[in-house]
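A.B. asks: Would you mind keeping the following structure in view while I ask a few things?
The values are calculated or read from the model by the stated rules, or taken from the named source; none is laboratory data. Please read these numbers as outputs of a predicted model, since none were measured by experiment. Reconstructed Cβ throughout: ideal geometry from the backbone, glycine too, with neighbour counts over all protein chains shown. Ligands, DNA and RNA are excluded from the accessible area calculation, which covers all protein heavy atoms including side chains. Shrake-Rupley method; radii C 1.70, N 1.55, O 1.52, S 1.80 Å.
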Amino acid sequence: LRRRAMSAAAVARRLALAALLVLSPTGAARQARRPNVVLILTDDQDVCLGGMTPLKKTNALIAQMGITFLNAYVPSALCCPSRASILTGKYPHNHHVVNNTLEGNCSSKLWQKIQEPYTFPALLKTMCGYQTFFAGKYLNEYGAEDAGGVGHVPPGWSFWYALEKNSKYYNYTLSVNGKARRHGENYSVDYLTDVLANMSLDFLEYKSNFEPFFMMISTPAPHSPWTAAPQYTKSFQNVSAPRNSNFNIHGKNKHWLIRQAKTPMTNSSIQFLDDAYRKRWQTLLSVDDLIEKLVKKLELNGELDNTYIFYTSDNGFHTGKFSLPIDKRQLYEFDIKVPLLVRGPGIKPNQTNKMLVANIDLGPTILDIAGYDLNKTQMDGMSLLPLLKGDKNVTWRSDFLVEYQGEGYNGSDPTCPGLGPGVTHCFPDCVCEDSYNNTYACVRTLSTSWDLQYCEFDDREVFVEVYNLTADPHQINNIAKTIDQEILEKMNYRLMMLQSCSGATCRTPGVFDPGYRFDPRLMFSNHGVRARRFSAQPL
């Protein structure tokens, strides 16, 4: 009997110890209580032209249950540089990805060596003990034979299901933890957005329950070729691209690339862009389904309340603005502004926030959520966590940098040989969306007194564009020649400072902040703004 009593006491002690271990702030139990994070990244989804309109479920499940950032931007309106900024938390001049080619450092061997080991997912896995899952489009040149093919799995990913090259919906290859898996054109098993949804649900079903997790789901939608799921091909038949005041007008007083667009556009061009606009919305309906399935699974698992869900895009898009048919790459709001919705622990429902945020903030934010010391990183962005928690005393930025290095062919574009070398992405009516000297840098300012954009081009004109978005939200009137000269000088100086910034120096006070310091003798002659010549950063 005594032995039994002792045995019962021992059992009781063991149970108490087990309970203590479960409740202890150390070990696996503590890690399990740290928040999970899901990042959904769409491809080319605008916010200025109604890009969120089709996503009724996403709005209900994320926006209405959390916060919508009304002024979220990307530092470069092109897929690969923007995605590199998300992964590294850095401006393009610091991660050196300048376009969508291997030569432009997109998923190149050098990117893999210098930047990939220090991306925020790598830090989450190695330093914070997170299990990490990636599914979808990574970088445009991922899988290129000259950069390791699909056998290359970037450091930091526990589970890797990455699309080879650029967005597709059918007939693509995935790298499944470094092994190629070919998909065909059978909707039920191959439609990429649905495949990503199913892979994500499988991960949530079979992952470890003793570690927090990070998921990055990167959809092809709404990128071209705009292939909708069969059930959605008849949706939005009466929808057309928005006819805002900058639709199908001549871009007067703008950079030559904008001025060269033919106005008015031909009927065939307008029909083409309207059709593209509808198809983009159709593809987003499958993303909406993915979001619904994901949230339901998290709820079923009992993990929804401890999971942050971020929803954003790599860049915006335009359809007919300033008579440019369809693309991104330009400096205007419709290309650089993106959706950003967040729900999660401590975030009050149905909020909006007007602070100026950028995709370089996502990495620092997610690391901050995981408890990582941001002072140990070289990231240019800021953690959004104080904004998510509703901190009223946070000191925030009033400006950020936009930078883009234009692409062009050495030879003439075969579509428009008469235009000569240096242009690219040309349409049959010889309207081109890009060129070598479509290389620019901007300071986008949003303060209590100014809503301003200041841009300089690296071309023979050293062309300058300035917009007061309070008076001119569609950026029709370039006020570079009429705005106060002192403001021009300050913006020029600020632009140069941001183009050479790194880490904390990217977060110094902007031109209209109380703490801003400016000595015009440093940068200017008596003849006004000194031209800033850009140069491609060495890779």
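A.B. asks: Quick one: if the Förster radius is 22 Å, what FRET efficiency do SER500 and VAL394 give, using the C-beta to C-beta distance and rounding to 0.05?
C.D. replies: Values: r = 26 Å, r/R0 = 1.19.
In this case the efficiency is close to 0.25.
A.B. asks: Per DSSP helix of 4 or more residues, -39500 (n - 2.57); summed, then divided by the residues of the chain. What does that give at 222 nm, rounded to the nearest 500? Present the calculation step by step, with values, prior to reporting the outcome.
C.D. replies: On the way: 14 runs with 146 residues, N = 539.
Estimated from H runs of four or more residues: -8000 deg cm²/dmol.
A.B. asks: Under 14 Å from a point 7 Å along the Cα-to-Cβ line of ASN186: which residues of the stretch 138-173 have their amide N that close?
C.D. replies: Of the residues in the stretch 138-173, 171 have backbone N under 14 Å from the label point off ASN186.
A.B. asks: FRET efficiency for VAL462 and GLU103, Cβ-Cβ distance as r, R0 = 25 Å, nearest 0.05? Walk me through the numbers before you get to the answer.
C.D. replies: On the way: r = 26 Å, r/R0 = 1.02.
With R0 = 25 Å, the Cβ-Cβ based efficiency is 0.45.
A.B. asks: Within the set LYS125/LYS337; LYS279/LYS321; LYS137/LYS376; LYS57/LYS137; LYS279/LYS328; LYS207/LYS296, which residue pairs have Cα atoms separated by over 25 Å?
C.D. replies: Values: LYS125/LYS337 30 Å; LYS279/LYS321 18 Å; LYS137/LYS376 28 Å; LYS57/LYS137 23 Å; LYS279/LYS328 17 Å; LYS207/LYS296 17 Å.
Those over the limit are LYS125/LYS337; LYS137/LYS376.
A.B. asks: State the extension gain, in nm to one decimal, for the chain segment bounded by GLN112 and GLN485, taking 0.36 nm per residue of separation less the distance between their alpha-carbons. Walk me through the numbers before you get to the answer.
C.D. replies: Numbers: separation 373, 0.36 × 373 = 134.28 nm, distance 4.40 nm.
Answer, rounded to one decimal: 129.9 nm.
A.B. asks: Given a Förster radius of 35 Å and the C-beta distance between SER208 and ALA60 as r, what FRET efficiency does 1/(1 + (r/R0)^6) yield to the nearest 0.05?
C.D. replies: On the way: r = 30 Å, r/R0 = 0.87.
Calculated value: 0.70.
A.B. asks: Can you give the angle from 0 to 90° between the axis of helix 267-300 and the longest principal axis of the chain, with both taken from C-alpha atoms, to the nearest 10?
C.D. replies: Once rounded, the angle reads 20 degrees.
A.B. asks: Peptides 210-217, 235-242, 268-275: what's the order by average Cβ count within 10 Å, highest mean first? Please list the in-between numbers first.
C.D. replies: Working: 210-217: 22.0, 235-242: 14.5, 268-275: 16.8.
In descending order of packing, they fall as 210-217, 268-275, 235-242.
A.B. asks: Just flag the trypsin sites (Lys or Arg not before Pro) in the stretch 138-244 sitting in loop per DSSP whose Cβ has no more than 14 other Cβ atoms within 10 Å.
C.D. replies: Values: sites: LYS165, LYS168, LYS179, ARG181, ARG182, LYS207, LYS234, ARG243; in loops: LYS165, LYS168, LYS207, LYS234, ARG243.
For trypsin sites (Lys or Arg not before Pro) across the stretch 138-244 that sit outside H, G, I, E and B with at most 14 neighbouring Cβ atoms in 10 Å, the list reads LYS234, ARG243.
A.B. asks: Peptides 184-193, 57-66, 284-293: what's the order by average Cβ count within 10 Å, highest mean first? Don't skip to the answer; put the middle values down first.
C.D. replies: Details: 184-193: 14.6, 57-66: 19.9, 284-293: 21.8.
Highest mean packing first, the order is 284-293, 57-66, 184-193.
A.B. asks: While we're looking at this one, here's another question. Out of the trypsin sites (Lys or Arg not before Pro) in the stretch 334-369, which ones are loop residues according to DSSP with at most 16 other C-beta atoms within 10 Å?
C.D. replies: When the trypsin sites (Lys or Arg not before Pro) of the stretch 334-369 are filtered for loop state and at most 16 Cβ neighbours within 10 Å, LYS354 remain.
A.B. asks: Also, quick follow-up: Of the accessible area of the chain, with the probe set at 1.4 angstrom, what percent is carbon plus sulfur? Could the numbers behind the result be given before it?
C.D. replies: Details: 11930 of 22420 Å².
Percent of accessible area from carbon and sulfur atoms in the chain: 53.
A.B. asks: Express in nm, to one decimal, how much length is gained between ASP305 and LEU419 on full extension, taking 0.36 nm for each residue of separation and deducting their alpha carbon distance. Don't skip to the end; give the middle numbers.
C.D. replies: On the way: separation 114, 0.36 × 114 = 41.04 nm, distance 5.67 nm.
Separation in residues times 0.36 nm, less the Cα-Cα distance, equals 35.4 nm.
A.B. asks: Full extension from LYS179 to THR352: what is 0.36 nm times the residue separation minus their Cα-Cα distance, to one decimal in nm?
C.D. replies: On the way: separation 173, 0.36 × 173 = 62.28 nm, distance 4.25 nm.
Between LYS179 and THR352, full extension yields an extra 58.0 nm.
A.B. asks: Give the accessible surface of the chain per residue, rounded to a whole number of Å², with probe radius 1.4 Å and ligands, DNA and RNA excluded. Working shown, then result.
C.D. replies: On the way: 22420 Å² over 539 residues.
Computed with neighbouring chains in place, this is 42 Å² per residue.
A.B. asks: Can you tell me the orientation of helix 192-206 relative to the chain, as the angle in degrees between its alpha-carbon axis and the longest Cα principal axis, to the nearest 10?
C.D. replies: Roughly 30 degrees between the two axes.
A.B. asks: Net charge around ASP289, counting only other residues with Cβ within less than 13 Å of its Cβ (Lys, Arg = +1; Asp, Glu = -1)?
C.D. replies: Details: positive: LYS56, LYS57, LYS293, LYS296, LYS297; negative: ASP194, ASP288, GLU292.
Value of the local net charge: +2.
A.B. asks: Which peptide among 374-384, 131-141 comes first, and what is the full order, when sorted by highest mean count of other Cβ atoms within 10 Å?
C.D. replies: Working: 374-384: 20.1, 131-141: 24.2.
Answer by packing, highest mean first, reads 131-141, 374-384.
A.B. asks: If I model the stretch 404-523 as equal point scatterers sitting on the Cα atoms and use the Debye formula, what is log10 I(q)/I(0) at q = 0.13, 0.20 Å⁻¹?
C.D. replies: -0.64, -1.11
A.B. asks: Right, something else. Choose one of PHE210, PHE400, LEU87: the residue whose Cα lies farthest towards the positive end of the charge dipole of the chain (beta-carbon charges +1 Lys, Arg; -1 Asp, Glu; about the Cα centre).
C.D. replies: It is PHE210.
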